[in-house]
Amino acid sequence: MDLGNYLRFVFALLFVLALIGALSILVRRYGFGMSPPQMRKGQDRRLGLVEILPIDTKRRAVLIRRDAVEHLVILGPESETVIETGITTAPRPPGNAAGAEDTFADVLENATLKEEP
């Protein structure tokens, strides 16, 4: 084989890889048969992940919140086990999104408001 055949092979391979990449971008962008996920924006989300705690190298405990109820689940490589359901929580105040930490200024303001008679 001469150099021309090798170059033709390399260019054909690059062309096929470019076609595969363009097709994957089109499928990802336009969906083509896959319905887009229905995501809620902002603070009106009903489902949230509260905390993940690794138990060992293969399992972890996951605390999931739905509305104002939490569920504790153990996730493993081959199984899921529900440990506890129906853990009720107090609804979060509207100014503090789920999982958001209070800033130092917020904590300080709340502390000074509680001290005043």
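Exposure proxy shown here: for 44, 106, the number of other Cβ atoms within 10 Å sets the order, fewest to most, as 44, 106.
Of the peptides 61-70, 22-31, how do they stack up when ordered by the mean number of other Cβ atoms within 10 Å, highest first? All intermediate terms of the calculation are to be shown ahead of the outcome.
On the way: 61-70: 15.1, 22-31: 10.1.
Output ranking for 61-70, 22-31: 61-70, 22-31.
Ranked by the mean number of other Cβ atoms within 10 Å per residue, highest first, peptides 9-16, 71-78 order as 71-78, 9-16. Between the amide H of residue 70 and those of 86, 87, 88, 89, distances stay under 5 Å, these residues lying 5 or more places away or on another chain, with hydrogens modeled in the peptide plane.
Only the coordinates and a few stated rules stand behind these numbers; no lab work does. Quick caveat: nothing in here was measured; it's all calculated off a predicted structure. All Cβ positions, glycine included, derive from the backbone under ideal geometry; neighbour counts span all protein chains shown.
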